[in-house]
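Notes follow the structure.
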Amino acid sequence: MNLNKMPELKIGNWTARVPIVQGGMGVGISLSGLASAVANAGGIGLIATPGIGQHEPDRTTNPKAAEVRGLRKEIQKTKAKTDGLIGVNVMVALSEFDGLVQCAVDEGVNFLFLGAGLPIRLPETLPLDNLSSLDTKFVPIVSSGKAANIIFRSWVKQYNHIPDAVVVEGPMAGGHLGFKKEDIGNPDFALEKILPEVIEAIKPYEEKFGKKVPVIAAGGIYTGEDIYKIMQLGAQGVQMGTRFVATNECDASQEFKDAFIKAKKEDIVLISSPVGLPGRAIKGEFLERVFAGGKEKFQCHWKCLRSCDFKNVPYCIALALTNAQRGNLSEGFAFAGANAYRVDKIMHVQELIDSLEKEYLEATK
């Protein structure tokens with residue numbers, strides 16, 4: 001093992017030079033600009049799928065086709081900018097889950113990260129009896145050893161195949177969280193506690209299939225020292241979202257990035273999302289109205305999330321996140337990790353990766 005650089009992250013037949021996955025952040029925060037920059041810097045860059053068809057002309061009249069077409073264009077734009085490793089993050093909760101997964105495979109992305117629900121069923125259009133024949137590798141996102149076991153057991157039964165890697169996301173992550181609200185501050189659910197449980201849960205499957213399944217830790221990882229510490233606990237890599245928002249290459253507006261720069265610790269709050277999950281976000285004018293019991297005006301052209309009861313929710317989360325991404329934070333809000341208040345400057349992705357690597361190496365000494 002070379003002690004003068006970070007270890008590589010090997011998933012299936014793909015190897016990332018640095019063990020850093022840039023989290024998939026929607027709506028429109030991680031698209032071709034950010035994903036390609038991370039891939040060029042040696043990490044794994046992810047395109048987020050929620051709202052990816054928002055710029056298509058038939059977005060309101062033919063939303064399913066618009067989403068798939070939007071993703072296809074974004075993958076092609078990303079590939080034109082990099083020869084590095086890229087992936088697509090598809091939320092299981094999305095109504096167009098099947099079409100987006102198939103599109104990502106058709107376009108030959110290296111990885112599919114599947115979260116916001118348990119991916120126990122894959123699209124029937126895939127070669128389900130021979131998933132190992134695909135160049136695209138599958139990486140579910142879980143928040144417990146129990147969830148990992150459910151997915152692996154289900155895949156073995158249905159497909160005689162197991163995922164190629166797993167992300168275990170702790171309660172300090174940004175966006176929608178896979179925890180009950182009362183468990184988020186409970187030390188029993190801390191990343192350091194659930195990581196070994198996930199590693200232990202998948203061991204029997206690794207042995208049965210003779211396959212190494214790397215576990216990638218996510219949620220609250222901020223510095224290179226954090227990366228070193230969590231990898232000492234058995235993680236083979238990390239997924240980071242918040243740090244990559246504050247980069248020049250991030251696809252969000254400058255106003256969105258500035259919200260991270262301006263945020264204080266007390267501005268990072270837990271919310272109850274309209275889709276029935278807790279989430280972590282930066283407090284602002286929009287969320288103040290929601291907290292006060294306000295109901296925002298919106299039209300639902302398409303039920304993009306399967307669990308959304310759009311007739312009874314106080315606001316449309318897709319619209320709120322789209323507004324924020326475009327810089328209109330009075331009509332939306334930014335999802336962010338627990339450490340977002342620590343962000344104090346915008347830098348280039350390569351500069352960020354270099355600084356994380358330097359901090360990691362200092363921690364090893």
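Values computed for the structure shown
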{"item": "Search result, residues across segment 1-54 that are in a loop (DSSP other than H, G, I, E, B), under 12 Å from the mean Cα position of the chain (by Cα) and polar (S, T, N, Q)", "result": "Ser30, Thr49"}
{"item": "Matching residues, segment 330-359, being in a helix (DSSP H, G or I), at pLDDT 95 or above and over 16 Å from Gln22 (Cβ atoms)", "result": "Tyr341, Arg342, Lys358, Glu359"}
{"item": "Which numbered condition Ile261 fails, given (1) part of a loop (DSSP other than H, G, I, E, B); (2) at pLDDT 95 or above; (3) within 22 Å of the chain's Cα centre (by Cα)", "result": "(1)"}
{"item": "Qualifying position, being within 24 Å of Ile230 (Cβ to Cβ) and touching a helix residue (DSSP H, G or I) at 6+ places or on another chain (Cβ under 8 Å), among Val142, Val167, Val156", "result": "Val142"}
{"item": "Pairs, first assigned by TED's automatic domain parsing to the domain that holds Pro214 and more than 16 Å from Ala217 (Cβ to Cβ) in segment 181-202, second modelled with pLDDT of 95 or more and in a helix (DSSP H, G or I), C-beta under 7 Å, six or more apart", "result": "Pro187/Lys193"}
{"item": "Matching residues in segment 213-232 - criterion: being without any contact (Cβ under 8 Å) to a residue 60 or more places away in the chain and assigned to a helix (DSSP H, G or I)", "result": "Asp226, Ile230, Gln232"}
{"item": "Checking Glu362 against (1) under 22 Å from Val269 (Cα atoms); (2) out of contact with any Phe, Trp or Tyr (no Cβ under 8 Å at 6 or more places or on another chain); (3) part of a helix (DSSP H, G or I); (4) at pLDDT 85 or above, the condition it does not meet", "result": "(1)"}
{"item": "Residues of segment 185-201 satisfying the condition of being more than 21 Å from the chain's Cα centre (by Cα) and buried (at least 19 other Cβ atoms within 10 Å of the Cβ)", "result": "Ala201"}
{"item": "Qualifying residue in segment 203-214 (condition: within 28 Å of Lys10 (Cβ to Cβ) and touching a helix residue (DSSP H, G or I) at 6+ places or on another chain (Cβ under 6 Å))", "result": "yes"}
{"item": "Count - residues of segment 233-247 that are within 14 Å of Met6 (Cβ to Cβ), assigned to a loop (DSSP other than H, G, I, E, B) and of a type outside the set (Gly, Ala, Ser)", "result": "1"}
{"item": "Hey, Gly284 buried (at least 21 other Cβ atoms within 10 Å of the Cβ) and either in contact (Cβ under 8 Å) with a residue 40 or more places away in the chain or more than 19 Å from Ser143 (Cα to Cα) (or both) or not", "result": "no"}
{"item": "Among (1) among the β-branched types (Val, Ile, Thr); (2) in the same structural domain as Gly43 (by TED's automatic domain parsing); (3) within 18 Å of Leu352 (Cα to Cα), the one test that Ile261 misses", "result": "(2)"}
{"item": "Which numbered condition Val27 fails, given (1) among the aliphatic types (A, V, I, L, M); (2) in contact with a Phe, Trp or Tyr (Cβ under 6 Å, 6 or more places away or on another chain); (3) modelled with pLDDT under 95", "result": "(2)"}
{"item": "Some residue of segment 318-328 being more than 29 Å from Asp98 (Cβ to Cβ), in a loop (DSSP other than H, G, I, E, B) and modelled with pLDDT of 90 or more", "result": "yes"}
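Conditions (1) surrounded by fewer than 18 Cβ atoms within 10 Å (Cβ to Cβ); (2) assigned by TED's automatic domain parsing to the domain that holds Val349, marked per residue:
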| residue | (1), (2) |
| --- | --- |
| Met231 | no, yes |
| Gly234 | yes, yes |
| Val238 | no, yes |
| Val275 | no, no |
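The values are calculated or read from the model by the stated rules, or taken from the named source; none is laboratory data. Bear in mind that the values here come from a model prediction, so they are computed numbers and not experimental data. Every residue, glycine among them, receives a Cβ derived from its backbone with ideal geometry; neighbour counts consider all protein chains shown.
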